[in-house]
Each structure stands twice: as structure tokens, then as C-alpha cells.
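**Student:** Please find one structure pasted underneath; my questions will follow.
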Amino acid sequence: MKVIKCDNYDAVSQKASEIVIDQIKKKPNTVLGLATGSTPLKLYSNLVSAYEKKEISFKHILSYNLDEYIGIDRNHSQSYYQYMHQHLFSLVDMNEENIHIPNNDVTRIDEIAELYNKDLNKHQIDLQILGIGSNGHIGFNEPGTPLGNETFIVELDEQTRKDNKRFFKSLNEVPKYAITMGIKNIMRSKKIILMASGIEKADAIYQMINGRVTDELPASVLQLHPDVVVIVDQLAGSKL
Ligand code: PGA
């Protein structure tokens with residue numbers, strides 16, 4: 001793993017956007033793996049700025065999102081479908097048919113993971129963007145998730161629900177389930193960038209880089225991937 005330590009969140013976002021912009025310039029039909037949460041917000045706004053300056057276009061980009069909540073509708077303000085449209089897709093020239101976000105339709109619960117996985121496996125992600133949970137999850141692969149999993153339905157960890165409570169009115173409203181790419185899907189990506197900011201990520205970042213590879217800290221599996229760039233700010237990298 002290559003580790004880049006930056007001064008602050010803005011510098012982490014700047015570094016990550018340089019890598020993504022470079023990738024899109026080199027390969028306009030890049031297959032991007034996309035993450036949600038607080039961490040990539042500035043990265044997405046940098047990408048929108050690059051698009052507005054006509055540095056890059058999303059016209060031929062294919063995107064696959066890591067995960068989606070189950071138990072809230074796609075139209076809910078906190079769905080990742082809404083997040084992605086609000087912060088990136090509706091602000092650039094992305095083709096709606098090239099956007100893939102896991103379907104969270106509970107009436108089709110038996111088939112949604114398999115269908116997403118089939119679609120995902122038709123391609124290889126060129127560049128996967130990741131955040132990391134304070135418990136070491138990537139996507140919604142919570143501690144204890146088998147490292148060989150492909151897209152599946154997961155019961156969210158209590159820690160994850162508490163961490164994400166800030167986006168909802170109460171803990172009770174935070175969904176208990178989600179659909180997520182599995183570790184195996186993430187590991188198939190050609191290149192991965194993992195971004196982290198803030199002291200609450202410091203332990204997970206330390207364990208991911210220096211701990212043993214274990215399903216107890218799913219991000220540790222990235223030690224086995226040949227092309228991972230970890231971009232951290234001072235606080236997230238403070239234990240390294
Ligand atoms: P965050 O979430 O960016 O909102 O901290 C990261 C994650 O859970 O992967």
C-alpha cells in the first residue's frame with residue numbers, strides 16, 4: 001500500500017481528485033467504483049469543478065456504487081441514490097443508463113444482490129474509491145464478514161448505525177440493513193484509493209496498514225491488493 005499523508009481534509013480531497021481526473025483523462029470510458037459518506041464529498045465537488053472547466057467529461061464513464069441502505073426508499077433524502085445524484089451525477093454530463101447503484105427494493109429482496117453482482121461482474125472497475133468505517137469496514141463489509149463475499153445483504157453493525165446517526169433524526173431511523181459489494185468485488189478493481197479524515201479513523205487506519213489481515217478488520221484485506229493508495233489527513237494518520 002502506498003500511503004500519502006496530507007495536512008487536512010481539503011488536501012486529501014485534492015490529492016484524490018488529481019488521481020481520479022488523471023484516470024478519466026487517460027481513459028474517458030473509465031469504470032469507476034464510487035463511495036458515499038462524508039469523506040468523498042469534497043472529492044466530488046472537485047470533480048464537478050473539473051467538469052465545469054471542461055477538463056473532464058463523464059459522458060462515457062460507467063459507475064458502480066458500493067452500497068445502498070435497505071429499508072428506506074430511493075427517494076428518501078438519505079438514500080445513496082439521492083446522495084450520488086445530489087453531489088455528482090446531476091451536476092455533470094453522466095448518462096443515467098451508465099449509473100449503477102444497488103437496487104434496494106424490499107419486494108425483490110431475494111434477487112437484488114445476485115442481479116447487481118451479475119451486472120458488476122460484466123466489467124472490471126478501473127478505479128475504486130473507498131472510505132473506511134471507524135470499525136474498519138469498507139463498503140458495508142462489517143467486521144466478521146467473510147472476505148470471499150460478493151454482493152450481499154448485510155445487517156449493519158451497531159457502531160456503523162451510531163456513526164451514521166448524524167444523517168438521521170434518531171438512531172431508530174438509521175436503517176438496520178444494506179446491500180453492499182463484497183470484499184471479493186472490491187478486490188477485483190484494478191486500482192483503489194482509500195481516503196480517511198479525522199481522529200475517529202486513526203485506529204482503523206493503523207490496523208489496516210500494520211495489523212494482520214483479518215475479517216475482524218475488513219479493510220486489512222487491502223494489504224493483499226497490488227495497487228492501493230491510502231490518502232489520510234494528519235488526524236486519521238496520527239497513529240502511523
Ligand atoms: P464517512 O463514512 O465517510 O461518512 O466517515 C465512511 C465509511 O463508512 O465508509
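**Student:** Out of the range 3-29, which residues are touching a residue at least 40 places away in the same chain (Cβ under 8 Å), closer than 18 Å to residue 62 by Cβ and buried (at least 21 other Cβ atoms within 10 Å of the Cβ)?
**Tutor:** 20
**Student:** Taking the conditions exactly as written (more than 16 Å from the ligand (Cβ to nearest atom), touching a strand residue (DSSP E or B) at 6+ places or on another chain (Cβ under 6 Å) and assigned to a loop (DSSP other than H, G, I, E, B)), does residue 125 satisfy them or not?
**Tutor:** yes
**Student:** Shifting gears a bit: Of all residues being out of contact with any strand residue (DSSP E or B) (no Cβ under 6 Å at 6 or more places or on another chain) and of a type in the set (Val, Ile, Thr) in the range 198-221, which is nearest to residue 38 (Cα to Cα)? Just the residue, please.
**Tutor:** Within the range 198-221, the match that is nearest to residue 38 (Cα to Cα) is 199.
**Student:** Sticking with this one: Anything in the range 119-165 that is over 23 Å from residue 191 (Cα atoms) and of a type in the set (Lys, Arg)? List them, or say none.
**Tutor:** Residues satisfying the conditions are 161, 162, 165.
**Student:** Still on this structure, please answer the following. Among the listed residues 16, 50, which satisfies the condition of being small (Gly, Ala, Ser), within 16 Å of the ligand (Cβ to nearest atom), modelled with pLDDT of 95 or more and not in a loop (DSSP other than H, G, I, E, B)? Quick ask: steps written out before the conclusion?
**Tutor:** Numbers: 50 fails: within 16 Å of the ligand (Cβ to nearest atom).
That would be 16, the only listed residue that is small (Gly, Ala, Ser), within 16 Å of the ligand (Cβ to nearest atom), modelled with pLDDT of 95 or more and not in a loop (DSSP other than H, G, I, E, B).
**Student:** Here is a further query. Take the conditions surrounded by fewer than 16 Cβ atoms within 10 Å (Cβ to Cβ) and at pLDDT 95 or above and apply them to residue 124. Does it pass?
**Tutor:** Considered against the rule, which asks whether it is surrounded by fewer than 16 Cβ atoms within 10 Å (Cβ to Cβ) and at pLDDT 95 or above, residue 124 comes out as yes.
Results for (1) out of contact with any helix residue (DSSP H, G or I) (no Cβ under 8 Å at 6 or more places or on another chain); (2) free of Cβ contacts under 8 Å to residues at least 24 places away in the same chain; (3) part of a helix (DSSP H, G or I); (4) surrounded by 13 or more Cβ atoms within 10 Å (Cβ to Cβ), shown as yes or no for each residue.
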position	(1), (2), (3), (4)
69	no, no, no, yes
74	no, no, no, yes
78	no, no, no, yes
82	yes, yes, yes, yes
85	yes, yes, yes, yes
97	yes, yes, yes, no
107	yes, yes, yes, no
145	no, no, no, yes
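**Student:** Would you call residue 180 within 15 Å of the ligand (Cβ to nearest atom) and modelled with pLDDT under 95?
**Tutor:** Numbers: within 15 Å of the ligand (Cβ to nearest atom): yes; modelled with pLDDT under 95: no.
For residue 180, the condition - within 15 Å of the ligand (Cβ to nearest atom) and modelled with pLDDT under 95 - is not met.
**Student:** State yes or no: is residue 114 within 16 Å of the ligand (Cβ to nearest atom), acidic (Asp, Glu) and over 13 Å from the mean Cα position of the chain (by Cα)?
**Tutor:** Here the answer is no, as residue 114 does not meet what is asked.
The values are calculated or read from the model by the stated rules, or taken from the named source; none is laboratory data. Remember, it's a predicted structure, so these values are computed and weren't measured experimentally. Here Cβ is always computed from backbone atoms with ideal geometry, including for glycine, and neighbour counts include all displayed protein chains.
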